[in-house]
Amino acid sequence: MKPLNIYLCGVGGQGIGLLAEVLARACLAAGHTVHGCDTHGLAQRGGIVVSQLRLGDHFHTPRVPSGEADLVIALERLEAARAAAAMLAEGGTVVYYDTVQQPIHVRMGEAEYPDHARLEKAVAARQGRLERVLLEDLPDARMQNVALLGRLATLGAIEGVTPAVVQGALEEVVPPRARDANLEVFRRAGT
């Protein structure tokens, strides 16, 4: 299978850990060798959270080098724009959930929050592909990560990682009390 670099990012509390865990399990189930690491920073205070997965046998580190992410998965628009500019490889794909988590410097008027057009421009500068995910009636904001998994599973961006494989990994990770609601979001986002 072809080596692949995946960069996942979001804001503390959005569920990047669950997203990375399900995706790593799905990649393993699809026959990939998976190397990964997490960077949590100030996650408890709404800071950036990053997980990195590298699929393949010939990596010396689990960290994705700048400009080499074949796939960026972002739980928030600002982090998607930052990752597109700093991490996305030429011809890479960005899949993001279109929600807003304004950092303090934006709330104070010291910086401007990127709109979808600015994100499109950043991805186009790398000759990339952009996939926006947004479910208007999401039952719980904590399910944005599952919506991303649903869309990602249908894109064919990761060899062998099909909707059935991702759903199986999701069922292993999500607690039974939340399983049905999460599976419904997963299916809806994949269509």
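Just a few scattered comments:
- Label selected from (i) 17.0, 56; (ii) 16.4, 51; (iii) 15.6, 47, the criterion being Rg and Dmax of the Cα atoms in Å as computed here: (iii)
- Residues of the range 62-79 with amide N under 17 Å of the 7 Å Cα→Cβ point at V100: 75-79
- Summed residue charge, Cβ within 14 Å of C27's Cβ, Lys/Arg positive, Asp/Glu negative: -2
- Evaluated with a Cβ-only charge set (Lys, Arg +1; Asp, Glu -1), the range 4-189 carries a dipole of roughly 140 debye about its Cα centre, given to the nearest 20.
- Net charge of Cβ neighbours under 12 Å - reference E90; Lys, Arg +1; Asp, Glu -1: 0
- Tensor-based shape of the range 83-180 (alpha-carbon gyration tensor, a/c under 1.5 rounded, otherwise prolate or oblate): oblate
- The range 1-83 shape via C-alpha gyration tensor axes, a/c threshold 1.5: prolate
- Potential lengthening between L155 and R129 on full extension [0.36 nm per residue; Cα-Cα distance subtracted]: 8.2 nm
No lab work stands behind these numbers, since they all come straight from the coordinates. Note that the coordinates shown come from a computational prediction; the quantities given were computed from them, not determined experimentally. Note that we place each Cβ from the backbone using ideal geometry, even for glycine, and neighbour counts take in every protein chain shown.
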